[in-house]
Amino acid sequence: MSAEVKQSPSLVLASASAIRRTILLNAGIVFDVCPSRVDEGSLKEDNKSLNANEMSALLAKEKALQVSSHDDRLILGADQILEFQNRQYDKAGTLKEAKVRLQTLSGKTHDLVGAMVLAQKGSVVWKHQSRAHMHMRSLSETAIDAYLRRAGTGILASVGCYEIEGLGITLFNRIEGDHFSILGLSILPLLAELRRREIASP
């Protein structure tokens, strides 16, 4: 009796993001993970003139294409940029930087600009962009310090220094936009495309 050959998943996530993995898993998608090796810092430095929409789209595309260069399956690249007063922000490196970030955003509205790209065999075959408006309530220094103590270093994985699926939700008065795009992956349009490709359940 011949051994059963295990078929590899048709989709590969080009990201190490835990929340993106969770979103896909909760949606019942079978996939592999192969984080891209794109140098985001250099890419941003070389493309300073791009706006947030263009930058997030470029980063998602380059991540997908980098993995696609050595894997013929369907590759999902994703990126998210925080835009505030026409400036783009990277993730904070320390809790001290996170405090400054939250003080900057306190009482104001910023945008989370997301992009997803599907690539196969070196070509982009699908793309999607999203924008969410995040209305942060006015936060005292005491409130920010208390939040950072409770939330811990996990928030450094979020460009806004908050995890909206956890304590981060307490920082906001109002949110306009798709919940999943805020988390980092617009799952509904992605599912529609994966169903069209018979990768997701009909």
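Which residues, taken from segment 163-193, are modelled with pLDDT of 95 or more, on the phi < 0 side of the Ramachandran plot and not in a helix (DSSP H, G or I)?
Phe172, Asn173, Arg174, Ile175, Glu176, Asp178, Leu185, Ser186
For Leu82, state whether it is surrounded by 13 or more Cβ atoms within 10 Å (Cβ to Cβ), more than 15 Å from Leu118 (Cα to Cα) and among the aliphatic types (A, V, I, L, M).
Working: surrounded by 13 or more Cβ atoms within 10 Å (Cβ to Cβ): yes; more than 15 Å from Leu118 (Cα to Cα): yes; among the aliphatic types (A, V, I, L, M): yes.
When the stated conditions are applied, Leu82 passes them.
Restricting attention to segment 102-157, which residues are basic (Lys, Arg) and out of contact with any strand residue (DSSP E or B) (no Cβ under 9 Å at 6 or more places or on another chain)? Break it down into steps so the answer makes sense when it comes.
Kept after step one, since they are basic (Lys, Arg), are these residues of segment 102-157: 108, 121, 127, 131, 137, 149-150.
Listed by number, the residues that qualify are Lys121, Arg149, Arg150.
Restricting the search to segment 166-202, which residues are of a type in the set (D, E, K, R) and under 15 Å from the mean Cα position of the chain (by Cα)? Don't jump to the end; show me each part of the working.
Quick first cut of segment 166-202, residues of a type in the set (D, E, K, R) only: 174, 176, 178, 193, 195-198.
Of everything in segment 166-202, just one residue is of a type in the set (D, E, K, R) and under 15 Å from the mean Cα position of the chain (by Cα), namely Asp178.
Looking at segment 128-156 only, could you name the residues that are more than 15 Å from Val100 (Cα to Cα) and either surrounded by 15 or more Cβ atoms within 10 Å (Cβ to Cβ) or of a type outside the set (Gly, Ala, Ser) (or both)?
Answer for segment 128-156, where residues must be more than 15 Å from Val100 (Cα to Cα) and either surrounded by 15 or more Cβ atoms within 10 Å (Cβ to Cβ) or of a type outside the set (Gly, Ala, Ser) (or both): His128, Gln129, Ser130, Arg131, Ala132, His133, Met134, His135, Arg137, Arg150, Ala151.
How many residues does segment 1-47 contain that are assigned to a loop (DSSP other than H, G, I, E, B) and either of a type outside the set (Lys, Arg) or at pLDDT 95 or above (or both)?
So in segment 1-47, the residues assigned to a loop (DSSP other than H, G, I, E, B) come out as 1-10, 14-17, 27-30, 34-39, 47.
Cutting the leftovers down to either of a type outside the set (Lys, Arg) or at pLDDT 95 or above (or both) gives us 1-5, 7-10, 14-17, 27-30, 34-39, 47.
Result for segment 1-47: 24.
Can you list residue pairs whose Cβ atoms sit under 6 Å apart, with the first residue in segment 98-112 being over 17 Å from Thr170 (Cβ atoms) and the second being acidic (Asp, Glu) and buried (at least 17 other Cβ atoms within 10 Å of the Cβ)? Count only pairs 6 or more apart in sequence or on different chains.
Listed by first residue and then by second, the contacts come to Asp111/Glu83.
If a residue must be assigned to a helix (DSSP H, G or I) and free of Cβ contacts under 8 Å to residues at least 12 places away in the same chain, how many such residues does segment 140-151 contain? Step through it out loud before you land on a result.
In the first step, residues of segment 140-151 are kept if they are assigned to a helix (DSSP H, G or I); the result is 141-151.
Checking which are free of Cβ contacts under 8 Å to residues at least 12 places away in the same chain leaves us with 142-143, 146, 149.
Qualifying residue count, segment 140-151: 4.
The values are calculated or read from the model by the stated rules, or taken from the named source; none is laboratory data. This structure is a prediction, so every number in the text was calculated from the model and none was measured. Note that each Cβ is placed from the backbone with ideal geometry, even for glycine, and that neighbours are counted across all protein chains shown.
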